[in-house]
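The values are calculated or read from the model by the stated rules, or taken from the named source; none is laboratory data. Small disclaimer: the values here were computed from a predicted structure and weren't measured. Cβ atoms come from the backbone with ideal geometry, glycine included; neighbour counts cover every protein chain shown.
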Amino acid sequence: MAQLIKLDNYISRYERDIFHYPSQFSRLKTENWERLKYLWEDQLQLKLEVEDQEELNETNFSKWRSFFKSRSEAETEEAEDEYDLDYLPETEEALKQYFLDALFPFQLKWASTTINEMSFIDKGYYHDYLLKYFLQRIPDTHLLMYFPVFQIKNGPLEGDIILISPLEIEIITLIDKPSNQTIIPNDSRVWYLEENNIQNKFLSPLISTKRTEKVIQSILNKYQLDFPVKKVILSRTNTMNYQLEPYNTKFVDRDHHEEWLKHKQQLYTPLKHQQLKITEALLKHCESIAVQRPEWKHEDTTESFWK
């Protein structure tokens, strides 16, 4: 599960200590997954042993429901709108999806609060399926900046999606059009969508991607950091008809989408110090708008994953 280190212009725990939180997240995620899996296996065994299904529902789901009860009241209310805590997944794959979905609100909290500050998060992010796609299908050695706002000389500038792996930075622009349309890239500022041999123009996505690349490269140069930066035009719904990809740019259409994801999922390289240094530099130049949390003095600052 990729780690959401920056969301819009919200304060983030990662920008407070990028060398601590990524490894903490991975460790605590693993611990809680193992705990949940053990509880699930225990409940499945009870389900087999108890003949009276009504009795099972009334007595043995208490532990299952209590797994997430250490969340704050606000988070619980947010999650219960979407997740049924009484549901017992029948397969391990279903359990994994349940776990990822239940973990999603906590990632949003880490990306919008610190121990003593908080940003007012747009509730629409709790139902942002594109954000879930990146977080749930890419391993947690990848650090995600989701449309961060950079502070540059001319004022704030919204960047594209930025994925920082142990090996490189990818600047990702997404194009999802109706599946019967073909994307035709072009060298100019204009690309084309073709349907039934009829072409319509649209603004090249590379304009935005190159703008974000320029900002990233200027930050890396400032700190004398060297790290590969690549541009990705991603379409999960369309095919792309092109001859050559531009320099340092990858086109990923629906026919190569799963292959692109699989490559990331098979990257077993752990988090690297250089990767974290690069991330720290980028976060220093991101805008963060936040207020002090009124309850911060009472916050448990131990390594409780559900805080």
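Things worth noting here:
- A single entry from Ala94, Ala102 fulfils the requirement of being surrounded by fewer than 21 Cβ atoms within 10 Å (Cβ to Cβ), within 30 Å of Leu46 (Cβ to Cβ) and free of Cβ contacts under 8 Å to residues at least 24 places away in the same chain: Ala94.
- Inside segment 154-181, residues that are exposed (fewer than 14 other Cβ atoms within 10 Å of the Cβ) and either in contact with a Cys (Cβ under 8 Å, 6 or more places away or on another chain) or closer than 14 Å to Val252 by Cβ (or both) make up a count of 1.
- Where a residue in segment 239-266 is touching a residue at least 40 places away in the same chain (Cβ under 8 Å) and closer than 14 Å to Asp187 by Cα and its partner, wherever it lies, is part of a strand (DSSP E or B) and among the hydroxyl-bearing types (Ser, Thr, Tyr), with Cβ under 7 Å and at least six apart: Asn241/Thr182
- Here segment 13-25 is the region considered, the condition is being under 13 Å from Gln107 (Cβ atoms) and touching a Ser or Thr at 6+ places or on another chain (Cβ under 8 Å), and the residue that is surrounded by the most Cβ atoms within 10 Å (Cβ to Cβ) is Tyr14.
- Residues (hydrophobic (A, V, I, L, M, F, W, C) and in contact (Cβ under 8 Å) with a residue 60 or more places away in the chain) located in segment 10-44: Ile11, Ile18, Phe19, Phe25, Leu28, Trp33, Leu36
- Residue match in segment 231-240 (condition: at pLDDT 95 or above and within 15 Å of Gly159 (Cβ to Cβ)): yes
- Verdict on Trp40 being under 20 Å from Leu103 (Cα atoms), at pLDDT 55 or above, in contact with a Leu (Cβ under 7 Å, 6 or more places away or on another chain) and among the aromatic types (Phe, Trp, Tyr): yes
- Entry remark, segment 182-219: residues being out of contact with any Phe, Trp or Tyr (no Cβ under 9 Å at 6 or more places or on another chain) and surrounded by fewer than 19 Cβ atoms within 10 Å (Cβ to Cβ) number 15 in total.
- Residues satisfying the stated conditions in segment 225-243, i.e. more than 17 Å from the chain's Cα centre (by Cα) and in a strand (DSSP E or B): Val229, Lys230, Lys231, Ile233, Thr239, Met240
- Note on segment 244-287: residues that are of a type in the set (S, T, N, Q) and assigned to a helix (DSSP H, G or I) amount to 4.
- For segment 16-51, the candidate set comprises residues that are among the acidic types (Asp, Glu) and part of a helix (DSSP H, G or I); within that set, the residue that is nearest to the chain's Cα centre (by Cα) is Glu31.
- Thr269 vs. criteria exposed (fewer than 15 other Cβ atoms within 10 Å of the Cβ) and touching a residue at least 24 places away in the same chain (Cβ under 8 Å): yes
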